[in-house]
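K.L.:
Please find one structure pasted underneath; my questions will follow.
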Amino acid sequence: MSQLRWRKSSFSEGHTDTCVELATGPSGRPHLRESDDPEVVISTTPAAFRAFLRAAKAGELDRLGG
């Protein structure tokens with residue numbers, strides 16, 4: 001995972017220790033991690049990640065945070 005180029009979410013600006021970061025691996029698989037615990041990486045398929053993004057944009061995940 002060290003060869004991945006991580007990008008921070010645009011919503012994380014100014015919060016350097018609590019950022020969501022995203023990288024795409026050589027095979028095209030998306031990887032996600034939190035900057036405060038960079039050793040824990042979530043990897044998924046491009047299709048599953050697209051479905052997640054669609055749900056988030058549609059507000060389907062708004063109630064998960066409480």
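K.L.:
Report every pair of residues separated by at least 6 positions or lying on different chains whose Cβ atoms are under 8 Å apart, first residue within the stretch 41-66 and touching a residue at least 40 places away in the same chain (Cβ under 8 Å), second in a loop (DSSP other than H, G, I, E, B).
P.N.:
Correct list of pairs: VAL41/MET1.
K.L.:
Could you count how many residues in the stretch 1-21 are modelled with pLDDT under 90 and outside any loop (DSSP other than H, G, I, E, B)?
P.N.:
First, the residues of the stretch 1-21 that are modelled with pLDDT under 90: 1-3, 8-20.
Now drop any that are not outside any loop (DSSP other than H, G, I, E, B), which leaves 8, 10-12, 20.
So the answer is 5.
K.L.:
Can you find a residue in the stretch 22-34 that is at positive phi, modelled with pLDDT of 90 or more and either assigned to a loop (DSSP other than H, G, I, E, B) or open to solvent by 100 Å² or more (accessible area, probe 1.4 Å) (or both)?
P.N.:
The answer is yes; a qualifying residue exists.
The values are calculated or read from the model by the stated rules, or taken from the named source; none is laboratory data. Because the structure is predicted, anything quoted here is derived from the model rather than measured. As a convention, Cβ positions derive from the backbone with ideal geometry for all residues, glycine included, and neighbour counts pool all protein chains shown. The area values use the complete protein model at the heavy-atom level, side chains included, leaving out ligands, DNA and RNA. Shrake-Rupley method; radii C 1.70, N 1.55, O 1.52, S 1.80 Å.
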